[in-house]
Amino acid sequence: MTVNSPLPKTTGCRETPVLKQRGQREVFCGLTGIIWLHRKMQDAFFLVIGSRTCAHLLQSAAGVMIFAEPRFGTAILEETDLAGMADAQDELDSVVAQLLSRRPDIKQLFLVGSCPSEVIKLDLARAAERMTQTYAPHVRVLNFSGSGIETTFTQGEDACLASMVPVLPVSTSRELMLVGALPDVVEQQAISLLTQMGIGPIRVLPAPRAADQFGVGENTVFALTQPFLGDTHAALERRGARHIAAPFPFGEEGTTAWLAAIAQEFGVAQDVFDRVTAAPRDRARRAVAQASESLRGKTVFFFPDSQLEIPLARFLTRECGMTAIEVGAPYIHQNIVGPDLDLLVQGPVLSEGQDVDLQLDRCRAARPDLTVCGLGLANPLEAEGMTTKWAIELVFTPVHFYEQAGDLAGLFSRPLRRRGLLKLEAA
Ligand code: SF4
């Protein structure tokens, strides 16, 4: 007997009407993704074509060590470059030539677009093609946009991975592709569980090195590890690969459902699945129960930021005993977060996009126990006496799969405990 779905059928939020708003938004741009991507792809270099603001963002976000040779940099377009685009292209060619002659370890170069209008006018796709012809086969040059006009902070990873898909070779092998940049230790946990079930070969996008490249085709099935990979999902489907839809692997329940969907696809027997997952499931359940004690009965409000909001709301409401008041997401891709929406108990407002002032009014009126939002909103809300959690931490901290389930609950309970201690001290 192959694996059954471990989840009960529920009347979730897939059909809930979504409040769609477009207005001023408060989010980081997609350049932020370079901070975690450059650690994951060990022979890649990210060259941001941008302004001094972009350089400052990267340096302050990454805490760049000036004596280390980092794997990202900014080619700053000065005002004078605006005079002629031909000059800007020549300048870019010369920056890349210098970089690649100094750094023979670079095997993949990403030209990353940004907001300034002069950068938007530069045809980085053509530049990447031209440079690939110059530097192949030693270096592959690709491009994507991290512009704050087009991307929220997690979409930088999506744009980067999507840019890699069209150049993957054709493959006819039956393979599982895990898609999303996870910390190595977390990625290994997932691969180990799947391997123990007899599932393989397993590929990971992004691969750590260009030489580890693998193919894609109609026999490729893929599972996303992050819910913000909409463009990558579409690019893989265009290459013939098939998505294994599942709730995202946050918490014990999400991890079990995600693994079960893959196990079903590969015809794993129920007793094998149970044997492999029983011990880590039990550890995860106990860790979540302990870490979520202070979350039970509390309310939570999500501002749109990371695109993790819907799976996290599912985790907090189903496994940690919280009630969601509003779950805002920058975009809601039904084909990606649909299985999480199916499990999210009806009740919260679902909102897509943002008109920040209107959303702040709703949040203040609701006075949630915990507000999950970007850095720009957290400080003013804290000053008003509200308890907040920075959404960006959820991307920088290992939170996927069984062994991190307790830590994930802990990330939400910590601000509530801190607020409780501050109240005690003030009393
Ligand atoms: Fe600012 Fe745009 Fe540069 Fe991001 S890409 S740092 S939003 S100028």
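Here are the numbers:
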| quantity | calculated |
| --- | --- |
| Filtered residues of region 130-148 (kept if out of contact with any strand residue (DSSP E or B) (no Cβ under 8 Å at 6 or more places or on another chain) and either among the basic types (K, R) or away from the ligand (no atom under 14 Å from the Cβ) (or both)) | R130, Q133, T134, A136, P137, H138 |
| Set R52, R71, R25: member being modelled with pLDDT under 90, over 30 Å from T256 (Cβ atoms), basic (K, R) and surrounded by fewer than 17 Cβ atoms within 10 Å (Cβ to Cβ) | R52 |
| Selected residue (criterion: surrounded by the most Cβ atoms within 10 Å (Cβ to Cβ)) from residues of region 368-390 that are at pLDDT below 90 and more than 17 Å from R418 (Cβ to Cβ) | G374 |
| Members of region 165-206 that are within 16 Å of the chain's Cα centre (by Cα) and under 19 Å from L142 (Cβ atoms) | V179, G180, A181, V204, L205, P206 |
| Filter result for the condition that a residue is modelled with pLDDT of 85 or more and farther than 30 Å from L377 by Cβ, over D81, D87, D105 | D105 |
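The values are calculated or read from the model by the stated rules, or taken from the named source; none is laboratory data. The structure presented is a predicted model; accordingly, all values stated were derived computationally and were not measured. Backbone-built Cβ (ideal geometry, glycine too); neighbour counts: all protein chains shown.
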